[in-house]
Amino acid sequence: MSWVQAECESTYIQSVEYNVSKIEQQFVLLARIGEQPVGFSLVFIGPEESDPLFIQLVAVVPAARRRGVALALLSRVAERAPERNIALATLDNNVGALALNDHFAKSIGASIRRVPVSMYRRSHLGFAQSESHRPWIIERSHGVHSSLSFDKDSHT
Ligand SMILES: CC(C)(COP(=O)(O)OP(=O)(O)OC[C@H]1O[C@@H](n2cnc3c(N)ncnc32)[C@H](O)[C@@H]1OP(=O)(O)O)[C@@H](O)C(=O)NCCC(=O)NCCS
């Protein structure tokens with residue numbers, strides 16, 4: 001996780017303790033190409049059955065982008081709880097993330113729409129009061145499959 005954080009422009013390099021706590025408390029998927037870690041997703045599974053999966057971060061190192069890694073990570077996340085919708089937040093100027101989210105929703109036969117900022121706790125969405133991310137909901141009917149290999153570091 002630290003290596004991916006160091007390589008990605010819009011993520012912070014976190015301490016080992018922070019990353020370990022995320023692995024212990026949340027759902028973290030690491031993507032590898034061969035033995036090389038190339039990306040990860042960080043997900044909070046809402047405590048209520050009616051809660052969505054909150055995708056707090058998906059990050060892929062620049063050298064591995066536009067090869068379907070993020071899409072595969074999101075697809076695996078979706079499989080974690082096929083009955084749940086998926087919530088995520090993006091900055092309006094993050095063109096890549098917006099396109100990815102749209103592509104992902106379509107790939108699982110779901111629809112994506114903006115929701116009010118007040119709809120979910122910022123902590124569940126994974127951003128701070130000072131950040132101007134805006135939330136989206138992906139309303140879906142079923143999951144999809146992918147062919148990449150993954151290490152499931154942990155889940156709640
Ligand atoms: C956004 C990010 C995760 C995409 O990762 P990726 O592995 O390159 O994405 P994929 O290859 O799975 O892309 C799947 C689809 O998403 C869309 N997409 C992804 N990145 C895109 C970009 N930079 N511009 C336009 N569309 C993009 C495309 O539709 C793409 O399909 P295509 O390549 O067949 O056209 C990666 O650029 C990244 O880590 N950025 C920095 C961190 C970040 O901003 N994360 C998102 C907010 S949490």
Quick check on the chain: helices-only [θ] at 222 nm, where DSSP H runs of length 4 and up contribute -39,500 (n - 2.57) each and the sum goes over total residues. Nearest 500, please. -8000 deg cm²/dmol
Charged-residue dipole, Cβ positions (Lys, Arg, Asp, Glu), the chain about Cα centre, Debye nearest 20: 420 debye
Gyration tensor over alpha-carbon atoms, region 1-94, equivalent ellipsoid semi-axes in Å: 21, 16, 13
In nm, the gap between the two label points placed 7 Å beyond Cα toward Cβ at Glu139 and Tyr12 is 3.4 nm
Kindly work out what percent of the DSSP beta bridges joining two residues of the chain are antiparallel, to the nearest 5. 90 percent
Hey, how many Å between the Cα centroid of region 35-105 and the Cα centroid of region 2-30? 14 Å
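Bear in mind these aren't lab numbers, they're just calculated from the coordinates by the rules spelled out. Values in this document were obtained by computation on a predicted structure and should not be read as measured data. Cβ: placed from backbone, ideal geometry, glycine included. Neighbour counts: every protein chain shown.
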